[in-house]
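Participant: Let me begin by handing over the structure; questions about it come next.
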Amino acid sequence: NVVHIVDTKNVSDASALAGHRREVTALAWSPDGQRFASGSRDCSVRIWDAEKCRELGTLTHTSRTTEDLAWSPDGRWLAVADGEKIVRLWDVHSRQVVRTLDDHYFQVTALAWSPGGAEIATAGAASHICVWSALDGREIANIHAHARNVWSIDWSPGGRRLASASASGRGVWSRRRS
């Protein structure tokens with residue numbers, strides 16, 4: 001139920017942030033390092049001021065556990081995979097959902113924004129990786145990546161390749177040049 005922030009230069013200087021009513025299942029720092037988000041089994045995502053170690057606000061989403069969180073590269077939006085077949089893109093300032101990626105036919109357990117922020121990749125229980133336009137929510141690609149659940153995905157720094165990991169192995173997927 002508690003998030004711990006540890007200064008790695010002075011390990012004894014740790015802050016314990018309480019607020020969630022159940023276990024914390026996902027964490028993500030904002031790109032500027034000023035904030036971070038925590039998701040929990042209590043069906044909420046909390047936004048924290050990293051310097052002052054205080055809560056800035058709560059995003060209440062569904063009746064499910066937060067599986068993964070990812071900030072957009074500009075820090076304006078937060079993508080939340082909440083244990084359903086939906087990813088919600090939240091405007092962190094207004095605390096409103098601005099877009100849903102809801103055409104998944106599997107539970108989403110991993111997500112990652114492209115470095116430029118125009119796309120978001122999702123993966124999960126059906127061994128597929130989907131790439132979506134963050135601008136309009138349209139599915140751009142659907143990759144049958146693995147024989148089993150995909151647990152982690154990440155973009156290369158240039159945004160041309162996407163790496164994925166699963167119990168059935170790992171893969172690196174490249175874009176075709178147009």
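The values are calculated or read from the model by the stated rules, or taken from the named source; none is laboratory data. Remember, predicted model here, so these are calculated numbers, not experimental data. Positions of Cβ are generated from backbone atoms using ideal geometry, with glycine treated the same way; all protein chains shown enter the neighbour counts.
Participant: Among (1) in a strand (DSSP E or B); (2) in contact with a Ser or Thr (Cβ under 6 Å, 6 or more places away or on another chain); (3) surrounded by fewer than 21 Cβ atoms within 10 Å (Cβ to Cβ); (4) at pLDDT 85 or above, which single condition is Thr100 missing?
Facilitator: Only one criterion in (1) in a strand (DSSP E or B); (2) in contact with a Ser or Thr (Cβ under 6 Å, 6 or more places away or on another chain); (3) surrounded by fewer than 21 Cβ atoms within 10 Å (Cβ to Cβ); (4) at pLDDT 85 or above is unmet by Thr100, namely (2).
Participant: Yes or no: Val108 surrounded by fewer than 19 Cβ atoms within 10 Å (Cβ to Cβ), of a type in the set (Val, Ile, Thr) and at negative phi? Full working, then the answer.
Facilitator: Details: surrounded by fewer than 19 Cβ atoms within 10 Å (Cβ to Cβ): no; of a type in the set (Val, Ile, Thr): yes; at negative phi: yes.
No; evaluated as a whole, the condition is false for this residue.
Participant: Hey, does the range 44-55 have a residue that's at pLDDT 80 or above and among the β-branched types (Val, Ile, Thr)?
Facilitator: yes
Participant: Just for strands (runs of 3 or more DSSP E) wholly inside the range 50-94: which have at least 1 residues that are under 15 Å from Gly124 (Cα atoms)? Walk me through how you get there before you give the answer.
Facilitator: Numbers: elements: 54-60, 68-71, 77-81, 87-91.
Per the criteria, 68-71, 77-81, 87-91.
Participant: Right, something else. Here is a check on your reading of the model: is Thr60 more than 22 Å from Leu162 (Cα to Cα) and polar (S, T, N, Q)? Walk me through how you get there before you give the answer.
Facilitator: Numbers: more than 22 Å from Leu162 (Cα to Cα): yes; polar (S, T, N, Q): yes.
Here the answer is yes, as Thr60 does meet what is asked.
Participant: For Gly75, are the conditions met, namely being on the phi > 0 side of the Ramachandran plot, at pLDDT 90 or above and not basic (Lys, Arg)? Working first, answer last.
Facilitator: Details: on the phi > 0 side of the Ramachandran plot: yes; at pLDDT 90 or above: yes; not basic (Lys, Arg): yes.
Taking the combined requirement at face value, the residue satisfies it.
Participant: Taking the range 129-153 as the region of interest, how many residues are outside any strand (DSSP E or B) and at pLDDT 85 or above? First the steps, then the outcome.
Facilitator: Quick first cut of the range 129-153, residues outside any strand (DSSP E or B) only: 134-138, 145-149.
Next, only the ones that are at pLDDT 85 or above stay: 134-138.
Qualifying residue count, the range 129-153: 5.
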